[in-house]
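So the structure is just underneath, and the comments pick up after that.
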Amino acid sequence: MGLCLNRQPRPLSRRDILRGSSIGFGALALNSMLTTESSSATLSPSIAKVKRVIFLFMHGGPSTLDLFDPKESLKKNNGKPLPYDKPRIVSSKTGNLLASPWNFKQYGQSGSWVSELLPNISSITDDLCFLHSMYCSNSRHGGALLELHTGSDTFTRPAMGSWINYGLGSENNNLPGFITINPPSSHGGSGAWSSAFLPPRYGGTMIRGNSKEMKIPFINNPLGDRSKQRKEIDLLNALNQEHLTKHKFNSDLESRIESYELAFRMQMTAPGIQDVSAEPAHINKLYGADEKPTAEFAKQCIMARRLSESGVRFVQVTHRYWDSHGNLRAEHEKLSKEMDKPVAGLITDLKQRGLLEDTLVLWGGEFGRTPVAQGNNGRDHNPHGFTMFMAGGGTKSGTQYGSTDDFGYHAEKNPIHFHDLHATILHLMGINHTELTYRYAGRDFRLTDVHGKIIKDVIA
């Protein structure tokens with residue numbers, strides 16, 4: 001059975017029935033709205049291994065050649081020309097081969113290779129599933145970023161978090177199903193968390209700000225009295241309801257009504273969840289929340305855990321900016337120090353709480369970097385071969401899947417496109433990626449479009 005929830009003729013929803021009745025939205029408080037209407041996806045208990053996703057997005061494209069994919073051929077041939085034709089990249093001219101300036105060692109029982117830049121992640125390699133053969137279709141930040149997030153590098157499509165929210169809904173009626181923390185404002189912008197042609201309620205709720213003021217906007221109660229606020233929302237909803245009876249299926253207005261109701265409910269739930277200062281000292285130490293340079297990203301990762309733990313289906317945290325066309329050594333050292341301890345802390349924390357079993361953590365950027373130099377000390381964009389990793393959520397821990405060629409330029413063994421990654425994530429959540437569809441403009445759309453294969457070898 002497919003999951004297309006909007007085929008024509010459209011079945012009457014609970015909301016449609018309410019439109020023809022005298023019962024107001026406010027009186028019902030839209031009980032379980034966000035969850036109930038989006039949860040017609042039938043999960044298979046034997047397949048569903050994941051309840052929620054935390055996506056740690058490394059904006060800008062980290063050089064995984066310098067983090068997780070050491071190449072002896074780069075060392076031996078440092079400074080020499082690449083022995084085959086370079087793929088066309090859109091940035092400035094590149095030169096000869098550039099060996100990594102950092103040392104690598106193998107860690108854990110899995111023997112996973114990790115750079116000296118990441119001492120904390122290296123300590124948890126047996127909990128990780130490395131995907132060493134990722135590739136995508138676009139060498140520009142905007143196109144690659146959108147392809148990773150939405151499945152399309154050229155057209156406006158719903159974000160991965162929106163599709164999952166649409167298929168499964170939130171686990172908590174008082175919180176959104178999809179929250180993005182400090183998302184990119186460039187290279188696709190809101191397209192990375194937009195619901196696009198899906199109903200707006202499935203889009204990402206954005207949290208911006210530093211660690212001292214990192215809150216969901218516009219959920220404060222300006223009246224200071226919930227009974228007065230309830231009356232105000234009821235009046236507003238009644239006016240909007242009157243408008244809806246005259247203009248059927250106005251998704252923007254529907255979503256506005258829902259947002260008021262959800263914001264009202266969130267006033268009781270969100271403030272406590274957003275208060276990362278409530279975390280005990282040992283948790284702050286685990287993430288590096290009280291030290292430089294990790295504090296900022298650490299608190300964002302703690303927030304992600306708190307939101308995920310509270311029932312938010314898809315949480316994204318963005319760390320930036322890894323676009324090291326020059327000064328690779330200084331930039332990647334700085335960025336790695338900011339990111340390493342919080343990421344390891346998050347995965348360790350989830351594991352200790354028993355949450356890693358049904359939480360999928362995904363780490364990666366929109367592409368990797370070239371094995372050839374740009375300038376004296378930089379690397380250009382490389383969409384042809386790079387590394388991402390997963391943890392938890394029914395994946396095979398301690399796995400290294402796929403590989404790039406001897407120089408780290410192309411995905412060579414078991415190549416994985418973003419479509420395949422999306423298909424695998426949906427499968428882990430108990431959804432057939434070919435059946436999670438939405439009819440728009442006369443055709444059925446899905447996250448994987450007409451592509452995608454499940455990476456069965458990384459599933460436990």
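The values are calculated or read from the model by the stated rules, or taken from the named source; none is laboratory data. It should be emphasised that the depicted structure is a prediction, and the values quoted were computed from it without experimental measurement. With ideal geometry, Cβ positions are generated from the backbone for all residues, glycine too; neighbour counts draw on all protein chains shown.
Regarding Pro176, is this residue buried (at least 23 other Cβ atoms within 10 Å of the Cβ), touching a Ser or Thr at 6+ places or on another chain (Cβ under 9 Å) and of a type outside the set (Val, Ile, Thr)? So that I can check it myself, show each step before the final result.
Numbers: buried (at least 23 other Cβ atoms within 10 Å of the Cβ): yes; touching a Ser or Thr at 6+ places or on another chain (Cβ under 9 Å): yes; of a type outside the set (Val, Ile, Thr): yes.
Yes; evaluated as a whole, the condition is true for this residue.
Restricting attention to the range 278-305, the residues being under 20 Å from the mean Cα position of the chain (by Cα), of a type in the set (A, V, I, L, M) and at pLDDT 95 or above number 3.
Among the listed residues Tyr135, Tyr107, which satisfies the condition of being within 29 Å of Leu421 (Cα to Cα) and within 25 Å of the chain's Cα centre (by Cα)?
On the way: Tyr107 fails: within 25 Å of the chain's Cα centre (by Cα).
Among Tyr135, Tyr107, only Tyr135 is within 29 Å of Leu421 (Cα to Cα) and within 25 Å of the chain's Cα centre (by Cα).
Residue pairs whose Cβ atoms lie under 7 Å apart, separated by 6 or more positions or on different chains, with the first residue in the range 348-365 and touching a residue at least 24 places away in the same chain (Cβ under 8 Å) and among the acidic types (Asp, Glu) and the second crowded, with 20+ Cβ neighbours inside 10 Å and part of a strand (DSSP E or B), are Glu357/Gly392.
For every residue, the table says whether it meets (1) outside any helix (DSSP H, G or I); (2) in contact (Cβ under 8 Å) with a residue 12 or more places away in the chain; (3) not basic (Lys, Arg).
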{"site": "Gly408", "(1), (2), (3)": "yes, yes, yes"}
{"site": "Asp420", "(1), (2), (3)": "no, yes, yes"}
{"site": "Ile425", "(1), (2), (3)": "no, yes, yes"}
{"site": "Asn432", "(1), (2), (3)": "yes, yes, yes"}
{"site": "Leu436", "(1), (2), (3)": "yes, yes, yes"}
{"site": "Arg439", "(1), (2), (3)": "yes, yes, no"}
{"site": "Asp444", "(1), (2), (3)": "yes, yes, yes"}
{"site": "Asp449", "(1), (2), (3)": "yes, yes, yes"}
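All told, Arg446 meets the bar of being of a type in the set (D, E, K, R) and within 19 Å of the chain's Cα centre (by Cα). Every listed requirement among (1) crowded, with 22+ Cβ neighbours inside 10 Å; (2) closer than 19 Å to Pro342 by Cβ; (3) among the hydroxyl-bearing types (Ser, Thr, Tyr) is met by Ser123 save one, (1). For the range 146-167, the criterion of being modelled with pLDDT of 70 or more, among the basic types (Lys, Arg) and in a loop (DSSP other than H, G, I, E, B) is met by at least one residue. When Ser185 is tested against the conditions (1) under 24 Å from Lys51 (Cβ atoms); (2) of a type in the set (Ser, Thr, Tyr); (3) out of contact with any Phe, Trp or Tyr (no Cβ under 9 Å at 6 or more places or on another chain), the lone failure is (1).
Filter the range 352-384 for residues that are under 19 Å from the mean Cα position of the chain (by Cα) and part of a helix (DSSP H, G or I); which is surrounded by the most Cβ atoms within 10 Å (Cβ to Cβ)? First the steps, then the outcome.
Applying the first criterion (under 19 Å from the mean Cα position of the chain (by Cα)) to the range 352-384 yields 355-368, 383.
If we keep only those that are part of a helix (DSSP H, G or I) too, we end up with 356-358.
Details: Leu356: 20, Glu357: 14, Asp358: 17.
Filtering the range 352-384 for residues that are under 19 Å from the mean Cα position of the chain (by Cα) and part of a helix (DSSP H, G or I), the one surrounded by the most Cβ atoms within 10 Å (Cβ to Cβ) comes out as Leu356.
Can you find a residue that is touching a helix residue (DSSP H, G or I) at 6+ places or on another chain (Cβ under 8 Å), touching a residue at least 60 places away in the same chain (Cβ under 8 Å), outside any strand (DSSP E or B) and under 24 Å from Leu97 (Cβ atoms) anywhere in the range 325-334? It would help to see each step written out before you state the result.
Taking the range 325-334 and keeping what is touching a helix residue (DSSP H, G or I) at 6+ places or on another chain (Cβ under 8 Å), we get 328, 332.
Okay, now just the ones that are also touching a residue at least 60 places away in the same chain (Cβ under 8 Å), so 328, 332.
So of that shortlist, the ones also outside any strand (DSSP E or B) come out as 328, 332.
Next, only the ones that are under 24 Å from Leu97 (Cβ atoms) stay: 328, 332.
Yes, the conditions are met somewhere in the range 325-334.
Checked against the criteria, Ala270 does not count as within 30 Å of Trp363 (Cβ to Cβ), assigned to a helix (DSSP H, G or I), under 21 Å from the mean Cα position of the chain (by Cα) and modelled with pLDDT of 85 or more.
Just a yes or no: is a residue in the range 349-359 under 20 Å from Phe55 (Cα atoms) and basic (Lys, Arg)? Yes, the range 349-359 has at least one match.
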